[in-house]
Amino acid sequence: MAENQSSKATPVDTGNISEAHFKAYWRANLLLMAALLAIWALVSFGAAILFRETLDQFSIGGAPFGFWMAQQGSIYVFVILIFAYSVLMHRLERKYGIDDDMD
Amino acid sequence: MDILGLSPELFWTALFVISSFGLYIGIAIWARAGSTQDFYVAGHDVPPIFNGMATAADWMSAASFLSMAGIIAFSGYDGSVYLMGWTGGYVLLALLLAPYLRKFGKFTVPDFVGDRYYSQAARIVAVICALFISFTYIAGQMRGVGIAFSNFLHVPIEGGVIIGAIIVLFYAALGGMKGITYTQVAQYCVLIFAFMVPAIFLSLQITGSPIPQLGLIGNAQDGLPLLQSLDTTLTDLGFSAYTAGTKARIDVFAITLALMVGTAGLPHVIIRFFTVPKASDARKSAGWALVFIAILYTTAPAVAIFARANFIESVNESRWSDAAAAGTIDRATLGEGETPAWFYNWRDTGLLDAEDRNGDGRIQYRADPETNEVTHLDRDIFVLANPEIGGLPAWVIGLVVAGGLAAALSTAAGLLMVISSAVSHDLCRKVLFTSMSDTQELLTARLAAVAAVLVAIYAGINPPGFVAAVVAFAFGLAAASFFPAILLGIFWTRMNKHGAICGMTAGLVTTAAYIVHFKIGFSSVVMGACAALAALALLVLFFGTRKTGQLPVLLGMSGLAGIIAITGLAGMLPDFTMGSAQSWFLGISPEGFGAIGMILSFAVSISVSLLTPSPPDAIRTMVENIRIPSARKHVDHNSAASNQ
């Protein structure tokens with residue numbers, strides 16, 4: 001549990017966590033979520049739909065970039081986003097001592 | 001050439017279909033369910049990667065497997081709405097819903113809605129949404145199963161639907177979620193293999209690369225980019241360029257959003273995340289699910305351009321032969337420049353037709369209906385006929401059929417699970433007969449599965465008109481009802497039962513009305529059917545929320561709806577004409593209206609919640625504990641001051 005010491009000085013082994021501790025964790029989670037969802041919206045609704053014509057001036061291989069984002073690129077980004085969230089969230093939960101590793 | 005007296009195609013198809021069905025039945029016997037825990041959530045112990053595979057199979061229906069590549073091949077850029085819409089929803093699921101719903105730890109989506117909103121009425125509204133969405137969806141799957149059987153195994157559609165339904169029923173009723181999960185893992189393997197084999201062959205032929213995904217950005221054997229040549233060919237024939245798209249931008253935006261949010265709100269997808277051991281596994285599992293889905297979804301756009309290019313090259317300006325069409329000469333002898341044998345073969349199934357109308361002995365494929373001679377072209381042809389178009393061996397065709405069936409059956413099973421648990425667990429155990437024991441509940445669940453299958457068989461044989469609008473209905477309604485209610489339930493502690501009930505109802509009714517108006521039209525019979533559904537819903541609400549000493553308002557309303565239903569079904573109400581595309585709201589098609597329904601549902605939920613009392617403190621504690629992945633820790637409100 002060494003990682004818990006590095007965060008707030010809240011005792012984490014007593015079973016319950018304090019409200020302040022919980023709020024800090026939840027704020028960090030919301031921030032992470034907002035950042036990842038911004039990327040999600042940017043690649044799909046942004047690059048593939050709204051700014052498509054601009055991006056189509058560039059190309060990836062033989063395909064216009066905006067078109068490629070709409071058909072393949074955004075899907076690759078979605079996969080990366082979920083795994084990134086999974087890893088970063090796990091780190092966050094360990095930091096706050098509320099991960100479910102031992103459950 | 002015949003094997004055991006059957007043509008090679010028929011032999012291989014029968015072999016693959018029968019052996020894959022045998023495999024599913026074997027797994028079902030191995031994974032029997034002993035408890036309600038096993039039956040509803042596979043004992044909460046499915047490893048994330050297996051659950052990811054099962055989710056992928058659950059998710060990818062006959063439409064993804066058979067129709068999607070064809071739709072993209074026809075619509076080019078416009079087809080992107082399905083590619084992004086049906087994958088982007090997993091980001092929402094993984095980030096916003098799955099881990100919290102898993103931590104909540106119950107069996108069904110109405111479970112969450114009913115508990116979080118401390119209300120039987122909310123639970124019943126959720127049950128009604130879940131049943132309506134799942135029944136629409138399952139009817140489409142059963143129809144797909146019937147068509148696969150009738151086209152390939154020469155079994156009548158009725159027989160095909162019944163065989164498929166019995167197989168699904170066997171492992172759903174026996175094994176519940178546990179049986180379904182492990183059969184879905186096997187079905188995923190069958191379907192992805194069946195989709196990739198022809199795609200890889202085609203990719204090798206056309207681009208020389210074994211990775212079909214690269215075909216979208218690659219060059220053809222002549223060194224020119226494939227997409228560029230396809231754009232030129234299509235515009236020469238009078239079609240719009242493949243990369244251009246014809247839908248309005250706002251419609252593309254709305255459809256993509258509705259499909260993404262609808263995906264995240266579909267009950268048969270959500271319940272898959274209840275089967276993993278813990279909250280962090282739900283996130284991983286969503287990631288794996290999307291990986292497995294992405295393998296097919298990134299291949300589909302490449303298959304689409306291969307198929308469209310191949311089709312034009314081999315059919316356009318080819319020499320037509322009436323003798324080959326009538327089958328009086330051996331089609332295998334057709335040579336270079338002649339309409340290929342597969343064209344005549346598929347013409348026999350009715351999915352494809354051509355007519356040399358200008359009598360020049362050649363087939364012209366054009367956008368202009370005046371000069372176009374390919375008179376009928378079913379979009380499903382592109383995946384089904386790909387093996388023949390590419391000249392692949394007969395066993396590949398059998399594989400594709402088995403894959404299509406795996407896709408349809410796995411989705412049907414997931415939906416069946418939602419229907420059976422909504423009826424047995426949510427409706428019977430939690431609302432109508434609260435004193436039920438576990439054993440009785442399990443029996444009810446199995447009986448409900450049987451009843452649901454009978455309805456699905458009927459709907460598969462006599463598809464009701466709304467099956468054609470299945471995508472609009474299922475995704476639109478999930479987006480407009482479940483998604484806002486679940487999301488606000490997790491992220492906004494102030495959200496109360498009044499907000500949830502009003503929000504779900506407003507989203508559901510508005511979206512359904514819009515889709516019916518523009519896809520089916522409010523005729524007297526349709527209005528009667530809607531009123532009958534409303535009467536039934538109100539009756540269940542009455543029995544579920546009955547208190548002594550209260551005026552039976554709901555019962556009265558139900559009676560009134562019943563009278564309207566009878567008048568409507570008797571044809572005595574006025575018929576309204578179906579809406580046309582010109583009068584779409586903001587130019588948004590019925591498929592995209594779920595996005596508007598969702599916004600409406602959010603707005604109604606939030607305003608009604610703010611105008612009515614806060615939820616009880618116990619609910620706030622419940623929501624806070626859902627937000628903590630660890631099962632051992634709770635928020636301690638007393639210690640707040642000392643740590644700030």
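The values are calculated or read from the model by the stated rules, or taken from the named source; none is laboratory data. This one's a predicted model, so the numbers in the text were calculated from it and none came from an experiment. In this analysis, Cβ positions are derived from the backbone assuming ideal geometry, glycine residues included, and neighbour counts consider all displayed protein chains.
When you look at B:Ser203, is it farther than 16 Å from B:Leu409 by Cβ and either among the aromatic types (Phe, Trp, Tyr) or surrounded by fewer than 22 Cβ atoms within 10 Å (Cβ to Cβ) (or both), yes or no? Considered against the rule, which asks whether it is farther than 16 Å from B:Leu409 by Cβ and either among the aromatic types (Phe, Trp, Tyr) or surrounded by fewer than 22 Cβ atoms within 10 Å (Cβ to Cβ) (or both), B:Ser203 comes out as no. For segment B:113-153, the set of residues classified as polar (S, T, N, Q) and surrounded by fewer than 24 Cβ atoms within 10 Å (Cβ to Cβ) consists of B:Ser119, B:Gln120, B:Thr136, B:Ser150, B:Asn151, listed by residue number. Of all residues in segment A:82-100, those being in contact (Cβ under 8 Å) with a residue 12 or more places away in the chain, under 13 Å from B:Lys284 (Cα atoms) and buried (at least 23 other Cβ atoms within 10 Å of the Cβ) number 2. Selection within segment B:314-335: residues that are β-branched (Val, Ile, Thr) and surrounded by 11 or more Cβ atoms within 10 Å (Cβ to Cβ). The member of this set that is nearest to B:His376 (Cα to Cα) is B:Val315. On the stretch given as segment B:222-253, residues that are more than 10 Å from chain A (Cβ to nearest Cβ), farther than 24 Å from A:Phe58 by Cβ and in a helix (DSSP H, G or I) total 2.
Quick check on segment B:1-60: of everything there that is small (Gly, Ala, Ser) and within 30 Å of B:Asp330 (Cα to Cα), which residue is modelled with the highest pLDDT? Please lay out each step first, then the result.
Applying the first criterion (small (Gly, Ala, Ser)) to segment B:1-60 yields B:5, B:7, B:14, B:19-20, B:22, B:26, B:28, B:31, B:33-35, B:42-43, B:52, B:54, B:56-57.
When the remaining residues are screened for being within 30 Å of B:Asp330 (Cα to Cα), the result is B:5, B:7, B:14.
Numbers: B:Gly5: 70, B:Ser7: 78, B:Ala14: 84.
Step by step, filter segment B:1-60, then rank; the result is B:Ala14.
Taking segment B:201-221 as the range and being part of a helix (DSSP H, G or I), of a type outside the set (Gly, Ala, Ser) and modelled with pLDDT of 80 or more as the test, the residues that pass are B:Phe201, B:Leu202, B:Leu204, B:Gln205, B:Ile206, B:Pro212, B:Gln213, B:Leu214.
Determine the pairs where a residue that is under 16 Å from B:Glu373 (Cα atoms), located within segment B:336-350, has a partner that is surrounded by fewer than 17 Cβ atoms within 10 Å (Cβ to Cβ) with Cβ atoms under 7 Å apart, the partner being 6 or more residues away or on another chain. Close Cβ pairs (under 7 Å, with a partner that is surrounded by fewer than 17 Cβ atoms within 10 Å (Cβ to Cβ)) amount to B:Glu338/B:Arg319; B:Thr339/B:Arg319; B:Pro340/B:Ser314; B:Arg347/B:Asp353. Scanning segment A:65-80 for residues that are facing chain B (nearest Cβ under 8 Å) and buried (at least 23 other Cβ atoms within 10 Å of the Cβ) yields A:Phe67, A:Trp68, A:Ala70, A:Gln71, A:Gln72, A:Ser74, A:Ile75, A:Phe78. Only one entry in B:Asn372, B:Asn345, B:Asn386 is of a type outside the set (Ser, Thr, Tyr) and not in a helix (DSSP H, G or I), namely B:Asn372. Here B:Glu158 passes the criteria (1) within 11 Å of chain A (Cβ to nearest Cβ); (2) part of a helix (DSSP H, G or I); (3) among the charged types (D, E, K, R) except the one numbered (1). Among residues of segment B:153-172 that are touching a residue at least 40 places away in the same chain (Cβ under 8 Å), those with a beta-carbon under 8 Å from a residue that is among the hydroxyl-bearing types (Ser, Thr, Tyr) and surrounded by fewer than 20 Cβ atoms within 10 Å (Cβ to Cβ) at least six positions away or on a different chain give the pairs B:Ile157/B:Ser150. Against the test of being free of Cβ contacts under 8 Å to residues at least 24 places away in the same chain and either more than 9 Å from every other protein chain (Cβ to nearest Cβ) or on the phi > 0 side of the Ramachandran plot (or both), the options A:Arg27, A:Arg52 yield a single qualifying residue, A:Arg27. With respect to B:Ala56, determine if the residue is in the same structural domain as B:Ala449 (by TED's automatic domain parsing), touching a residue at least 12 places away in the same chain (Cβ under 8 Å), in a helix (DSSP H, G or I) and crowded, with 18+ Cβ neighbours inside 10 Å. Taking the combined requirement at face value, the residue satisfies it.
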